[in-house]
Amino acid sequence: MLPFFDACIVAPDVSYGVAPELPEGFEGAVLHGLNAKNIRDEYSRWHPTRMWKHAEGMDRIVGETHASFPSRSAVLVDLEMPGDDLLLWLKSPAEWWPLCESLRNTKRYLRVRLPAGTGAVSLFKQVVKRFRYTHFWIDPFIHGPAPGWQGHVRLAEHENVWLSTLGLFPGEGARWSAREASEAMNFLVGEVGAGRLIYASGLEWESVSLGVDKPFREWIEQQPELEDPERPLVLNRNAAAFLHVPQEEIELL
């Protein structure tokens, strides 16, 4: 069974008295939401958690000694901050030091929700360069083909920046047309390579377990911009590496 990684899974508020059935394809997921840690702990009573973990949100920049700093068990620190507020913080990068330093040389990632356009790119690049041992994760496609998205993609030229596919799915009501989405994928592969891209559908985990994300996965598999070895990278191997699955286990995926 190939694992998947989903960037915006919302864990439901449920409690199990018996061993829960693990949804098909659930391995390799990062749980998001207020109850993410509880769900992870509940599943861990019966299922190994090596290939799936929880994310913890945070609405401001703090140091690890602050009571609001996420627990060390979270694989992903999700900085939940509006774009305008983020721009103000980026203009004073010293304020980032406590948070970025505390994640330095750890197996944890900081997700930053950059606003559309080019205004935040150069500022964020300075943070990325200053804290080159801190791992960052951004979603360059969530704003659609708005001016400046290419600069967001190029941030992954830095070894400590990962990208997700979140938002890059053409279809009815989608921000990207089929042509634009294919061109965006082609641009990403040419600029930073498929090895920097993590699969994310943005669906709740129940929807993923029911196969609702299947059209998105099929779209990725059919992209001519991706060579045969690159498709499994995007759909599962990059996620496995992101979750620090041992290399010998990645080879079995």
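Summary table below
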item	result
Residue match in the range 75-92 (condition: in contact (Cβ under 8 Å) with a residue 60 or more places away in the chain, among the aliphatic types (A, V, I, L, M) and closer than 28 Å to N38 by Cβ)	yes
The range 209-242, subset in contact with a Lys or Arg (Cβ under 9 Å, 6 or more places away or on another chain) and outside any loop (DSSP other than H, G, I, E, B), residue farthest from A181 (Cα to Cα)	N238
Residue, surrounded by the most Cβ atoms within 10 Å (Cβ to Cβ), within the range 182-213, restricted to residues that are on the phi > 0 side of the Ramachandran plot and modelled with pLDDT under 85	G202
Test result for L233, at pLDDT below 95, under 29 Å from K129 (Cα atoms), touching a helix residue (DSSP H, G or I) at 6+ places or on another chain (Cβ under 7 Å) and surrounded by 21 or more Cβ atoms within 10 Å (Cβ to Cβ)	yes
Unique residue being modelled with pLDDT of 85 or more, closer than 27 Å to A116 by Cα and loosely packed, with under 15 Cβ neighbours inside 10 Å when the list is R217, R179, R175, R154	R179
Selection count, the range 103-150, where residues are of a type in the set (S, T, N, Q), in a loop (DSSP other than H, G, I, E, B) and in contact with a helix residue (DSSP H, G or I) (Cβ under 7 Å, 6 or more places away or on another chain)	2
Conditions (1) surrounded by 20 or more Cβ atoms within 10 Å (Cβ to Cβ); (2) without any contact (Cβ under 8 Å) to a residue 24 or more places away in the chain: number failed by A67	(1)
Hits in the range 151-188 - residues which are closer than 22 Å to Y109 by Cα and not in a loop (DSSP other than H, G, I, E, B)	G151, H152, V153, R154, L155, A156, E157, V161, W162, L163, S164, L188
Count - residues of the range 68-102 that are in a loop (DSSP other than H, G, I, E, B) and either within 18 Å of the chain's Cα centre (by Cα) or closer than 21 Å to R40 by Cα (or both)	11
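The values are calculated or read from the model by the stated rules, or taken from the named source; none is laboratory data. Being a predicted model, the structure only gives us computed values, none of them experimental. Reconstructed Cβ throughout: ideal geometry from the backbone, glycine too, with neighbour counts over all protein chains shown.
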